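S.K.: Would you mind keeping the following structure in view while I ask a few things?
Computed from the coordinates by the stated procedures, all read-outs in this text should not be read as laboratory data. Given the structure is predicted, the values throughout are model-derived calculations rather than measurements. As a convention, Cβ positions derive from the backbone with ideal geometry for all residues, glycine included, and neighbour counts pool all protein chains shown.
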Amino acid sequence: MRIVIKPNASDAADTCAALIEAALRKTPDMALGLATGGTMEPVYARLRAAHEAGLSFARCSSFNLDEYVGLAGDHPQSYRHYMQQHLFDHVDIRPEAAHLPDGAAADPVAAAAQYDALIGRCGPIGLQLLGLGSNGHIGFNEPSSSLVSRSRVKTLTRKTVEANSRFFGPDETPPHLSITMGIGTIMEASRIVLLATGRGKAQAAAAMIEGPLSAHCPASILQMHTDATVILDEEAAADLAERDYYDWVELQRSRVPGQAG
Ligand code: F6R
């Protein structure tokens, strides 16, 4: 696991967006795995700017991690709506190539299985972008999720529902169910880039990087991926025990780019 620690959230988003841009420039027809949430908003702002400066999404396809069950794509709090607003409406991605699970499907269980099969047919995902829940979730794979799970319907924890309720109006009930890419599905991506910023993510980041491999912290599965990069800001890195070593490795990398791990 490569651990990159930046002074603040803005620098961390710069690094994350630069990795995505470089991957897309190298492999324009790649399948990109995308995430939503507050952490990703500055990343998409940078990708929109990169598009204005010439980065094309025309040949790529994208697969988002998750969607709320019961919300149609035109619901303002659906993740489809989020993606349209923050990225898809502003770049040249082909609408038919920008995939999210169908939260409004009459049979969400079947829709989740179909989504997994679609990723299998169009994949592998070349770069999967991930955020981190303060409880260690990735996608909506909450603690106790099978570490080899496929895409499926998942019940959100009360903590996740509460965290997400900030995006809903006072008279709205935030959904308690989601369709999420499974952990096994996520792990099939050739490369994983996780971005976490803010003090609220520090405990989960430490459990992910330095804790035992455990379904209690689903993100700890990234310890088993051969090409995972975790980008943190100082606040999210605050609980790391081996911080000096991660900085040392990055220093070596900057001296001999791409050589030290
Ligand atoms: C969103 C997703 C979630 C978020 C996580 C962090 O597609 O899969 O795992 O990445 O809940 O959300 P924020 O960035 O809002 O703290």
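S.K.: From Asp89, Asp66, which residue is surrounded by fewer than 19 Cβ atoms within 10 Å (Cβ to Cβ), within 18 Å of Leu32 (Cα to Cα) and out of contact with any helix residue (DSSP H, G or I) (no Cβ under 6 Å at 6 or more places or on another chain)?
M.R.: Asp89
S.K.: Just give me the residues in region 21-40 being more than 15 Å from the ligand (Cβ to nearest atom) and of a type outside the set (Asp, Glu), in sequence order.
M.R.: Within region 21-40, Ala22, Ala23, Leu24, Arg25, Lys26, Thr27, Pro28, Met30, Ala31 meet the criteria.
S.K.: Would you confirm, using the coordinates I've provided, whether Gly139 is within 20 Å of the chain's Cα centre (by Cα) and at negative phi?
M.R.: So Gly139 does not fit the description; no.
S.K.: A further question on this structure: Looking only at region 176-203, how many residues end up being in a strand (DSSP E or B) and surrounded by 20 or more Cβ atoms within 10 Å (Cβ to Cβ)?
M.R.: Summing the residues that are in a strand (DSSP E or B) and surrounded by 20 or more Cβ atoms within 10 Å (Cβ to Cβ) in region 176-203 gives 8.
S.K.: Among Ile209, Ile186, which is touching a Leu at 6+ places or on another chain (Cβ under 9 Å) and within 15 Å of the ligand (Cβ to nearest atom)?
M.R.: Ile186
S.K.: For a quick check of your reading of the model, give me the residue pairs whose first member lies in region 70-81 and is more than 16 Å from Gly139 (Cβ to Cβ), whose second is of a type in the set (D, E, K, R) and within 15 Å of the ligand (Cβ to nearest atom), with beta-carbon atoms closer than 7 Å and at least 6 apart or on different chains.
M.R.: As it stands, the answer is Gly73/Arg80, since those pairs meet every condition given.
S.K.: Now for a separate question. Output the qualifying pairs, or none if there are none: Cβ atoms under 6 angstrom, residues six or more apart or on different chains, first residue in region 150-175 and free of Cβ contacts under 8 Å to residues at least 40 places away in the same chain, second residue in a helix (DSSP H, G or I) and within 14 Å of the ligand (Cβ to nearest atom).
M.R.: Arg150/Thr185
S.K.: Could you please give the count of residues in region 204-222 that are assigned to a helix (DSSP H, G or I) and crowded, with 17+ Cβ neighbours inside 10 Å?
M.R.: Qualifying residue count, region 204-222: 11.
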